[in-house]
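Engineer: Here's a structure for you.
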Amino acid sequence: MTDAYTGADFFVDALESYGVEFVFGNPGTTELPVMDAIGRSDLEYVLGLHEDIAVGMASGYAQTRRYHAHHDDSITPLGVANLHIAPGLAHGLGNLYAASVTGAPLVVTAGNHSTDFRHEEPILSGDVAEMADQFCKWSDEVLDVTALPTMLRRAARVAMTPPTGPVFLGLPLDVMLAELDAEPERLGPIPNAGSGDPAQLERAADLLAKAENPVLVVGDHVARSGADAVAAAVELAESTGARVHGEILASEVDFPTDHDQWVSYVPPDEDLASMLLDTDTIAFVGCSTNTTLTRHEEALVDPETTCIHVGDDAWELGKNQHADAAVIGDPGLVMQDLIERVRPKLSAAAVDERLEAVGAVKEMVDAKMAEMGTGDAEDDPRASKAELVDAMERAAGAGDASIVDEGVTSKYAMLARWDFAPEQYISNKGGGLGYGLPASVGAAVAESQREDPRNVIGFIGDGSYLYYPHSIYSAARYDLDLTVVIPDNRNYRILKDNTLDLLGGDEADHEFVGMDFEPPVDIVQNAESHGARAELVERPAEIEDAVAAAVEREGTDVLDVLVHD
């Protein structure tokens with residue numbers, strides 16, 4: 001042991017000075033200096049039994065903590081994950097991708113071999129900065145301990161500056177052991193994306209005023225801007241008489257779904273999406289994933305449609321649809337300015353006329369959305385996905401729980417039937433399985449920091465749950481208050497649906513190789529082995545009481561609920 005102050009000591013002290021309280025990780029030899037420094041600090045290390053679990057926990061924590069920071073400027077909404085060298089980082093890439101798509105403000109680090117040893121090509125070697133680069137806003141490696149103060153400050157700022165997202169830093173063993181005489185550099189305030197170009201704002205206002213039947217498509221960058229941005233979206237819709245939809249793969253609450261002008265989320269289906277986007281003028285606000293899962297044969301938006309784009313990510317503006325007006329800025333601030341500009345240009349009669357058209361579309365879509373998740377298995381004793389969602393909502397309280405969703409084929413039943421409030425719901429926006437369960441654990445860590453924490457419910461499909469069931473170990477180890485509800489149809493239903501879409505025919509025409517869990521995994525026994533309470537719920541009448549009891553209890557509960565397709 002030595003009393004020398006090292007790069008590892010500085011790394012920990014700087015995180016603490018920036019308001020970081022947790023490091024999520026799975027350690028290895030090259031991370032031991034950092035682990036030793038954490039052990040002598042006030043940081044809490046949250047162990048994940050796999051690196052991808054650590055990244056998912058850190059990301060779910062950061063997403064949830066960002067909501068808290070909207071109401072408390074003293075909160076640093078930054079997730080930090082520490083991984084083990086090249087293979088460990090490779091393990092974490094799935095959820096690093098998910099964090100990138102979901103815009104989680106995240107700093108991911110990994111140890112590495114000493115810089116003067118790499119020429120021998122020791123085991124576990126790899127170019128960690130290059131490996132992480134495609135999923136990060138910035139990816140680099142600290143090659144000299146004197147660069148650590150600036151690079152760490154930069155990493156935190158880049159992750160939290162809109163558009164938010166993950167950053168990677170490699171931390172070689174010799175750099176972490178090197179002596180350093182430095183103080184953490186000031187993090188400083190994080191700017192918003194601004195209120196936009198006045199000329200583009202005026203053009204956008206003119207186009208909205210001239211529209212016949214305007215449509216507002218809101219994306220998740222709205223929710224990331226805060227509850228005030230969601231309120232601004234409501235006011236803009238009311239001021240323009242616009243019909244409102246959520247972008248394809250929307251994974252946060254960007255508009256209250258009980259509002260009269262809210263119609264639906266746009267589904268990732270070419271025909272339905274094209275129908276909903278068939279109008280003369282569309283304002284895309286804060287969108288980033290508004291396209292289908294596989295290639296579409298025709299354009300989702302008619303080339304003659306007037307398109308307005310608003311958002312804090314310049315890359316997304318006009319990316320897949322043309323832009324007749326494009327405003328780079330904070331979605332909430334831009335919409336507030338748009339409201340003031342468009343109101344004098346529209347009469348009350350014009351707005352009322354538009355609202356009549358909204359009502360007609362809403363009535364048609366509501367009837368179709370009500371069918372989502374009901375299935376057609378009349379003689380099946382298991383619950384439909386719709387019955388499960390309805391029972392969960394009654395048991396959990398409509399606006400009281402924080403939901404982390406990776407229900408996949410159950411997702412749209414939940415979105416269609418549950419009126420979520422802003423800051424109540426996050427989902428796996430990236431589409432790769434294995435994010436939702438670790439993110440639920442991270443969200444529960446974040447909620448545990450509040451004086452009045454909300455109940456956290458992970459709504460995790462059986463296929464998703466089985467990616468990382470050992471996430472439950474972390475929840476139980478740290479005595480987190482978390483309820484996990486699994487809509488269990490014992491198959492990869494999304495792949496069967498996509499098989500029918502891609503290849504055609506009926507279910508009887510396909511073998512569905514590798515898509516059924518036969519024999520089924522004993523999820524209850526598995527969850528109990530990781531320290532949770534667990535229960536198999538086989539019939540619809542049992543669901544509400546089981547969910548209510550699990551939510552009421554402290555600690556970690558897993559409910560395996562059998563459902564039919």
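The values are calculated or read from the model by the stated rules, or taken from the named source; none is laboratory data. Being a predicted model, the structure only gives us computed values, none of them experimental. All Cβ positions, even for glycine, are placed from backbone atoms using ideal geometry, and neighbour counts span all protein chains on display. Side chains are part of the model used for accessible areas, which takes the heavy atoms of the whole protein and leaves out ligands, DNA and RNA. Shrake-Rupley method; radii C 1.70, N 1.55, O 1.52, S 1.80 Å.
Engineer: Leaving out ligands and nucleic acids, note down the accessible area per residue over the chain with a 1.4 angstrom probe, in whole Å². Before the final figure, lay out each step's value.
Structural biologist: On the way: 22750 Å² over 565 residues.
I get 40 Å² per residue for the chain.
Engineer: Let me ask another. Select from segment 429-518 those trypsin sites (Lys or Arg not before Pro) which occupy a DSSP coil region and have at most 15 other Cβ atoms within 10 Å, ordered by residue number. Before the final figure, lay out the partial values.
Structural biologist: On the way: sites: LYS429, ARG450, ARG454, ARG477, ARG490, ARG493, LYS496; in loops: LYS429, ARG450, ARG454, ARG490.
Within segment 429-518, the qualifying trypsin sites (Lys or Arg not before Pro) (loop, at most 15 other Cβ atoms within 10 Å) are ARG450.
Engineer: Calculate how large, on average over all directions, the projected area of the Cα convex hull of segment 322-398 is; give the answer in nm² to one decimal.
Structural biologist: Details: hull surface 39.3 nm².
Spelled out: convex hull of the Cα atoms, projected over all directions, averaged, 9.8 nm².
Engineer: Of all the accessible heavy-atom surface of the chain, with the other protein chains kept in place and a 1.4 Å probe, what percent is carbon and sulfur? Write out the running numbers ahead of the final one.
Structural biologist: Values: 10820 of 22750 Å².
About 48 percent, which is the carbon plus sulfur part of the accessible surface.
Engineer: Checking the table LYS385/LYS496; LYS319/LYS345; LYS385/LYS411; LYS137/LYS319; LYS210/LYS319; LYS411/LYS496 against a 20 Å threshold on Cα-Cα, which pairs fail?
Structural biologist: Details: LYS385/LYS496 16 Å; LYS319/LYS345 29 Å; LYS385/LYS411 9 Å; LYS137/LYS319 18 Å; LYS210/LYS319 24 Å; LYS411/LYS496 16 Å.
Long pairs (Cα-Cα over 20 Å): LYS319/LYS345; LYS210/LYS319.
Engineer: Answer rounded, prolate or oblate for segment 39-98, using the Cα gyration tensor with square roots of eigenvalues a ≥ b ≥ c: rounded when a/c is under 1.5, else prolate when a/b is larger than b/c, else oblate.
Structural biologist: Numbers: a/c = 2.97, a/b = 1.53, b/c = 1.94.
Oblate is the answer for segment 39-98, as a/c is 1.5 or above yet b/c matches or exceeds a/b.
Engineer: Say each of ALA349 and HIS71 gets a label point 7 Å from the Cα, pointing the same way as Cα to Cβ; how far apart are those two points in nm?
Structural biologist: Spacing of the two 7 Å Cα→Cβ label points: 4.4 nm.
Engineer: Can you list residues from other chains, or at least 5 along the same chain, whose modelled amide H is less than 5 Å from the amide H of PHE22?
Structural biologist: Amide H to amide H, under 5 Å and 5 or more residues apart or across chains, PHE22 pairs with GLU44.
Engineer: On alpha-carbon atoms, Rg over Rh for segment 102-165 using Kirkwood Rh? Walk me through the intermediate numbers first.
Structural biologist: On the way: Rg = 13.3 Å, Rh = 13.1 Å.
Expressed as Rg/Rh, it is 1.02.
Engineer: While we're on this one: Can you give me the three principal axis dimensions of segment 247-379 from its C-alpha atoms, in Å, biggest first?
Structural biologist: 57, 36, 29
Engineer: Using Cα-only point scatterers and the Debye equation, what is log10 of I(q)/I(0) for segment 1-119 at each q in 0.16 Å⁻¹, rounded to two decimals?
Structural biologist: Log10 of I(q)/I(0), two decimals: -0.75.
Engineer: Grab the alpha carbons of segment 134-231, take their convex hull, and tell me the volume per residue in Å³.
Structural biologist: Details: hull volume 14.6 nm³, N = 98.
About 149 Å³ per residue, rounded to a whole number.
Engineer: What number, in percent, do you get for the relative contact order of the chain if the mean sequence gap of Cα pairs under 8 Å and at least 6 apart is divided by its residue count?
Structural biologist: Details: 1243 pairs, mean separation 76.7, N = 565.
Taking the mean separation of contacting Cα pairs over the length of the chain, I get 14 percent.
Engineer: Which of rounded, prolate, oblate describes the chain, given a ≥ b ≥ c as roots of the alpha-carbon gyration tensor eigenvalues and a/c under 1.5 marking rounded, otherwise prolate only if a/b is larger than b/c? Mind dumping the intermediate values first?
Structural biologist: Numbers: a/c = 1.85, a/b = 1.25, b/c = 1.48.
It comes out oblate by the Cα gyration axes.
Engineer: Further question: What does the extension gain come out to for ASP206 and LYS368, with contour length at 0.36 nm per residue minus their alpha carbon separation?
Structural biologist: On the way: separation 162, 0.36 × 162 = 58.32 nm, distance 3.38 nm.
Result for the pair: 54.9 nm of gain on full extension.
Engineer: So which GluC sites (Glu not before Pro) in segment 418-497 are both in a DSSP loop and have at most 10 other Cβ atoms within 10 Å of their Cβ?
Structural biologist: Values: sites: GLU423, GLU447, GLU451; in loops: GLU423, GLU451.
Hits after loop and neighbour filter: GLU451.
Engineer: Now for a separate question. What percentage of all Cα-Cα pairs in segment 231-280 are separated by more than 19 Å? Walk me through the numbers on the way to the answer.
Structural biologist: Numbers: 320 of 1225 pairs.
Here the tail beyond 19 Å accounts for 26 percent of pairs.
Engineer: Strictly greater than 14 Å: what percent of every Cα pair in segment 67-145 meets that?
Structural biologist: Numbers: 2024 of 3081 pairs.
I get 66 percent for the Cα pairs in segment 67-145 exceeding 14 Å.
Engineer: If amide H atoms are built 1.01 Å from N in the plane of the peptide, which residues on other chains or at least 5 residues away come under 5 Å of the amide H of ALA326?
Structural biologist: Correct list: HIS309.
Engineer: Same structure again: Quick check of the Kirkwood formula: for segment 377-418, what is the inverse mean of 1/r over all pairs of different Cα atoms, in Å? Please list the in-between numbers first.
Structural biologist: On the way: mean 1/r = 0.0903 Å⁻¹.
Computed over Cα pairs of segment 377-418, the Kirkwood hydrodynamic radius comes out at 11.1 Å.
Engineer: Ok, one more. Give me the net charge for the shell around THR161: Cβ to Cβ below 14 angstrom, other residues only, Lys and Arg +1, Asp and Glu -1. Could you put the intermediate results ahead of the total?
Structural biologist: Working: positive: ARG66, LYS137, ARG153, ARG154, ARG157, ARG224; negative: ASP312, ASP313, ASP330.
Counting the neighbours of THR161, the net charge comes to +3.
Engineer: Using only the alpha carbons of segment 411-565, determine the length spanned along each of the three principal axes and report them from longest to shortest in whole angstroms.
Structural biologist: The Cα atoms of segment 411-565 stretch 55, 35, 30 Å along the principal axes, largest first.
Engineer: Still on this structure, I have one more. Return the equivalent ellipsoid semi-axes of segment 356-435 as a descending list in whole Å, where each equals the square root of 5 times an eigenvalue of the C-alpha gyration tensor. Walk me through the numbers before you get to the answer.
Structural biologist: Numbers: eigenvalues 88, 74, 41 Å².
Taking √(5λ) for each eigenvalue gives 21, 19, 14 Å, largest first.
Engineer: Through the Karplus equation 6.51 cos²θ - 1.76 cosθ + 1.60, θ set to phi - 60°, convert the phi angles of segment 280-294 into ³J(HN,Hα) values in whole Hz; use x for Gly and Pro.
Structural biologist: Result, rounded to whole Hz: 8, 9, 10, 9, 8, 10, x, 8, 8, 10, 7, 8, 7, 5, 10.
Engineer: Rank LEU171, LEU355 by accessible area, highest first, at a 1.4 Å probe radius? Could the numbers behind the result be given before it?
Structural biologist: Details: LEU171 5, LEU355 60 Å².
Final ranking, largest accessible area leading: LEU355, LEU171.
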